[in-house]
Amino acid sequence: LYEKQRIAQRRRLPELLLKTQIFNSIIAIVFFYSLPYFGVEPKTILFIYILISLALSFLWRIYALSFLSFKVRDNALLIAGGEGTQDLINEINNNPRYSFRISETIDTTTVGTINFEKDILGKIKNNDISLIIIDSRNEKVTSILPQLYGLIFSKIHFVDFYDLYEEIFDRLPLSVLQYGWFLENISTAPHVYYDAFKRIMDVVIGVVAGIISLFFYPFVMLAIKLEDGGDIFIAQDRVGERESKVRIYKFRTMSSNDSGQYDVNGKTTLFITRVGNILRKTRLDELPQLWNLIKGDI
């Protein structure tokens, strides 16, 4: 419910709220009825809570958030182009949760050169622009950066296009992932204390989760065998840290080894089994990878 993209999907809101409430109710029912040690009484309160909280959740999500959204939004100018620009425009302009909207754009992939007086100052004046979202790494933009600098003192705010895109979508367009980005963002310096604490966490959590997962093993193994009598586990090779080869393990979910078999036309001859489909949807096929977690492979 708190994903940034969810707010635009109002049609799915009742379904999402209902599923969330059902999940919460199951946990609450287990807590009330299976753990009498806590002595929470009377149980009627549980069902009253379920009904009232569901109603209040609907009212909050449908009416309160709309009331709290920005009614009047500032106008923004987007100076960027290529992959991701239209996604950003759609996300910002269709969601009232943002304090601004993109009212003007300069597509750096289609314009020859950017005329500061006509393209920038003209749009700012005619559309009351107070925010400029800019791709400062673009060659066509770098030539006008000294002129844009002068706008700082005219109450125009600037936001980097890629920083805003990453903040909204929690990812970056592939176009920005070039050598310079990797040099800035990836460091191979050792993190002794962090790595040691992380390793302890991996082992402890992996062992606990691994022991709990053993409960599911007999049922999964029996289901796989009963369906087609094939192998229970598969092994796949991956590239690990410092290009080391890592072999990970999974429960088999396809008609043969998931590593792939192809015919002369390049199409796979494998298919997902009925049991495999359930295992994939529930992620139970990933349980054997807890062993790789304990080993330190992943």
Please tell me which of these pairs span more than 29 angstrom C-alpha to C-alpha: 19/198; 198/245; 118/155; 19/225? 19/198; 19/225
Length-normalised contact order of the chain in % [C-alpha pairs under 8 Å, at least 6 apart]: 11 percent
Can you give me the angle between helix 192-213 and the longest principal axis of the chain, using Cα atoms only, in degrees from 0 to 90, rounded to the nearest 10? 40 degrees
Once you have the Cα-Cα distance between residue 179 and residue 20, take 0.36 nm times their residue separation minus that, and quote the gain in nm to one decimal. 53.0 nm
Longest segment of the chain lacking chymotrypsin sites (Phe, Trp or Tyr not before Pro) that sit in a DSSP loop with at most 14 other Cβ atoms within 10 Å: 71-214
May I ask for the net charge around residue 130, where only other residues with Cβ less than 9 Å from the Cβ of residue 130 are counted and Lys, Arg are +1 while Asp, Glu are -1? -1
The chain, accessible surface, carbon-and-sulfur percent (1.4 angstrom probe): 61 percent
First check a/c for the stretch 72-162, with a ≥ b ≥ c the square roots of the eigenvalues of its C-alpha gyration tensor; if it is under 1.5, answer rounded, and if not, answer prolate when a/b is larger than b/c or oblate otherwise. oblate
What residues qualify as long-range amide H neighbours of residue 157, i.e. H under 5 Å apart, gap of 5 or more or another chain, H built at 1.01 Å from N? 131, 132
For residue 207 and residue 33, what is the calculated FRET efficiency with R₀ set at 41 Å and r taken between the beta-carbons, to the nearest 0.05? 0.85
For residue 79, distant residues with modelled amide H under 5 Å away: 106, 133, 134, 135
Setting aside same-chain residues fewer than 8 positions from residue 125, which aspartates and glutamates have a Cα under 17 Å from its Cα? 74, 104, 117
Which whole-number value in Å² is the accessible area per residue of the stretch 144-222, probe 1.4 Å? 76 Å²
Cα-based Rg and Dmax for the chain, in Å, come out at 27.1, 74
Want the number for residue 75 to residue 291: 0.36 nm per residue separation, take away the alpha-carbon distance, what's left? 72.4 nm
Once both labels are modelled 7 Å past Cα along the beta-carbon direction, what's the residue 200-residue 97 spacing in nm? 3.7 nm
Taking every eigenvalue of the Cα gyration tensor of the stretch 134-260, multiplying by 5 and rooting it, what semi-axes result, largest first, whole Å? 49, 20, 16
For the chain, the longest principal axis of the Cα atoms and the Cα long axis of helix 44-59 enclose an angle in degrees, to the nearest 10, of 30 degrees
In nanometres, what is the gap between the two model label sites at residue 59 and residue 221, each 7 Å from Cα along Cα-to-Cβ? 5.4 nm
If one compares the long axis through the Cα atoms of helix 13-34 with the longest principal axis of the Cα atoms of the chain, the angle in degrees, nearest 10, works out at 40 degrees
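The values are calculated or read from the model by the stated rules, or taken from the named source; none is laboratory data. Everything numeric in this text was worked out from a predicted model, so none of it was measured. Heads up, the Cβs are rebuilt from the backbone with ideal geometry, glycines too, and the neighbour counts pull from every protein chain shown. Just so you know, the surface numbers come from the protein's heavy atoms only, side chains and all, with ligands and any DNA or RNA stripped out. Shrake-Rupley method; radii C 1.70, N 1.55, O 1.52, S 1.80 Å.
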